[in-house]
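Read through the structure below, which is laid out as structure tokens, and then see the notes.
The values are calculated or read from the model by the stated rules, or taken from the named source; none is laboratory data. Source: prediction; values computed, not measured. Neighbour counts are summed over all protein chains in view; Cβ atoms, including those assigned to glycine, are modelled from backbone coordinates with ideal geometry. Accessible surface areas use protein heavy atoms only, side chains included; no ligands, DNA or RNA. Shrake-Rupley method; radii C 1.70, N 1.55, O 1.52, S 1.80 Å.
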Amino acid sequence: LILQNIADEYPEITELTSIGQSVQGRELWIMNISDNPGINEIEPEFKYVANMHGDEVIGRELCLNLIEWLCENYYIDPRATNLINNVDIFIMPSMNPDGFEMGSRYNANGVDLNRDFPDQFEDPSNTTNGRQPETVAVMEWGWEHNFVLSANMHGGALVANYPFDGPYSGNYSASPDDNMFIHLATTYSINHSEMYESNSFSNGITNGSQWYAIFGGMQDWNYIWEKDFDITLEQSDEKWPNSSELQQFWEDN
């Protein structure tokens, strides 16, 4: 309803679409924000995905806030105007709406969606066979676009995490673009009010594998298979904070 209201109010710069349905039939909504929404222009394509773990909700709220901020400030704030005019922006507030409704990390089939993508170390081919409907929808969405930069929003820590996410926990696993990923993660961290100064991670960033290894993660899939520079934003030690804290999270991020 919130997304539909925004799309109705700003039809010239938004296009609201569903890329599929969850296990329980909830729509997987995407908001495209651009000066020519729905048209494939020669502009970089960017995406944010949030709430792939259903019980990590801050990113879901921040995405809604960001959509509102961009639309309300078009031709008012130079930064918002520049972004909308020169970047094809796609925002997915909830990849796991069933998990959100259940207050669960997992989807309605009990699967962790951040372990359900083709894995660079284990999967020989980039296929949707045997994957969850939410994963299939995001993969097919990615194939329809040429995303060059993206991030997915999580909770449970305060750090910007970058590839590779495997294969061995505790061992730094550098990608060929390691310096670029360090730059991207640090850019987010240093502009956050607390992340860069966090005592848990040096400069508020971490290589995924050095932190802990995962297999079938979306971050590595985006980079390896889709040539999309993707990082993971862990936005708070709290996964499900009180609503009174949301304004501070917005200001932090």
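Does segment 49-59 include one or more residues that are assigned to a strand (DSSP E or B) and within 14 Å of SER94 (Cβ to Cβ)? Looking for residues that are assigned to a strand (DSSP E or B) and within 14 Å of SER94 (Cβ to Cβ), one finds at least one in segment 49-59, hence yes. Going through segment 16-30 one residue at a time, which ones are touching a residue at least 40 places away in the same chain (Cβ under 8 Å) and in contact with a helix residue (DSSP H, G or I) (Cβ under 6 Å, 6 or more places away or on another chain)? Answer for segment 16-30, where residues must be touching a residue at least 40 places away in the same chain (Cβ under 8 Å) and in contact with a helix residue (DSSP H, G or I) (Cβ under 6 Å, 6 or more places away or on another chain): ILE19, GLY20, SER22, VAL23, GLN24, ARG26, LEU28, TRP29. Screening ALA185, ALA160 for residues that are of a type in the set (A, V, I, L, M, F, W, C) and over 25 Å from GLY103 (Cα atoms) leaves exactly one candidate, ALA185.
Of the residues making up segment 221-242, at least one is closer than 27 Å to PRO44 by Cβ, open to solvent by less than 10 Å² (accessible area, probe 1.4 Å) and part of a helix (DSSP H, G or I).
On the stretch given as segment 4-18, residues that are closer than 22 Å to VAL136 by Cβ and surrounded by 20 or more Cβ atoms within 10 Å (Cβ to Cβ) total 0.
Could you check how many residues of segment 192-220 are closer than 15 Å to SER173 by Cβ and of a type outside the set (Gly, Ala, Ser)? So the count comes out to 10. Residues in segment 31-69 that are among the acidic types (Asp, Glu) and either within 20 Å of ASP98 (Cβ to Cβ) or without any contact (Cβ under 8 Å) to a residue 60 or more places away in the chain (or both): ASP35, GLU41, GLU43, ASP55, GLU56, GLU61. Number of residues in segment 54-102 that are open to solvent by less than 10 Å² (accessible area, probe 1.4 Å), within 11 Å of the chain's Cα centre (by Cα) and either more than 19 Å from GLN247 (Cα to Cα) or aromatic (Phe, Trp, Tyr) (or both): the value is 3. Just for segment 1-45: of the residues that are closer than 23 Å to ASP228 by Cβ, acidic (Asp, Glu) and at pLDDT 95 or above, which one is nearest to the chain's Cα centre (by Cα)? In this case the residue turns out to be GLU45. Working only within segment 189-219, note down all residues that are open to solvent by 10 Å² or more (accessible area, probe 1.4 Å), assigned to a helix (DSSP H, G or I) and under 25 Å from GLU134 (Cβ atoms). Passing the criteria: only TRP211. Does TYR48 count as crowded, with 16+ Cβ neighbours inside 10 Å, over 19 Å from the mean Cα position of the chain (by Cα) and of a type in the set (Phe, Trp, Tyr)? Spelling it out, it is not the case that TYR48 is crowded, with 16+ Cβ neighbours inside 10 Å, over 19 Å from the mean Cα position of the chain (by Cα) and of a type in the set (Phe, Trp, Tyr). Taken as a whole, segment 114-126 holds at least one residue that is in contact with a Phe, Trp or Tyr (Cβ under 8 Å, 6 or more places away or on another chain), basic (Lys, Arg) and open to solvent by 30 Å² or more (accessible area, probe 1.4 Å). Can you say whether LEU149 is buried (at least 21 other Cβ atoms within 10 Å of the Cβ) and at pLDDT 95 or above, as far as the supplied structure shows? It is false that LEU149 is buried (at least 21 other Cβ atoms within 10 Å of the Cβ) and at pLDDT 95 or above. Per the listing ASN32, ASN36, the residue uniquely open to solvent by 40 Å² or more (accessible area, probe 1.4 Å) and farther than 18 Å from ASN253 by Cα is ASN36.
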